[in-house]
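**Q** Quick one: the structure is below, questions incoming.
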Amino acid sequence: MYKNKHELFEQVFQAILKSGENGVFQTEICKEFSLDSRDGSRLAGNLEKQSLISREKILHKGRWTYKLIVKKSAIAEYNRKPIQIECVEGAPCFSCAYQHSCSSEDETSPYSPAKCVWLEEWIVAGFEKGYMKSEK
């Protein structure tokens, strides 16, 4: 059925991910993947330890079980696309003398991406380069 534990782990995570914000009961996952309650509990515990899901103890059909809910951070990580090096090639930030002082969180700092002339010029040049390519 499953080649290895990693594949089972991944498929269980996918099933919980598909349940969305509502989550899914641990007992339903156990039934779907033919796991006994002990194995299902261990698997859910491992997912929780990796900060992929949260477990919420709940009374369901007269029995205590856990509702397994995917954490938003795990969804973002799962949906994240790999960055292509071309996207950041030539970015002024990598060689900026003020990089250590730059902060988007400190609004009082004179060094921030929102106020950076060099970053703005690089972005505009990138858009112009992209626009020129799409016109051809």
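**Q** Could you grab the pairs with beta carbons closer than 7 Å, sequence gap of 6+ or different chains, first residue in the stretch 43-63 and closer than 15 Å to residue 29 by Cα, second one modelled with pLDDT under 90 and charged (D, E, K, R)?
**A** Listed pairs, sorted by first residue: 53/71; 54/71.
**Q** Next question, about the same structure. Looking only at helices (runs of 4 or more DSSP H) that fall completely inside the stretch 1-113, which ones have 1 or more residues that are modelled with pLDDT under 90 and either open to solvent by 100 Å² or more (accessible area, probe 1.4 Å) or aliphatic (A, V, I, L, M) (or both)?
**A** Filter on the stretch 1-113 gives 5-18, 72-79.
The values are calculated or read from the model by the stated rules, or taken from the named source; none is laboratory data. If you're wondering where the values come from, they're calculated on a predicted model, not measured in any experiment. For neighbour counting, all protein chains shown are included, and Cβ atoms are generated from backbone atoms with ideal geometry for every residue, glycine included. Surface accessibility is based on the protein's heavy atoms, side chains included, excluding ligands, DNA and RNA. Shrake-Rupley method; radii C 1.70, N 1.55, O 1.52, S 1.80 Å.
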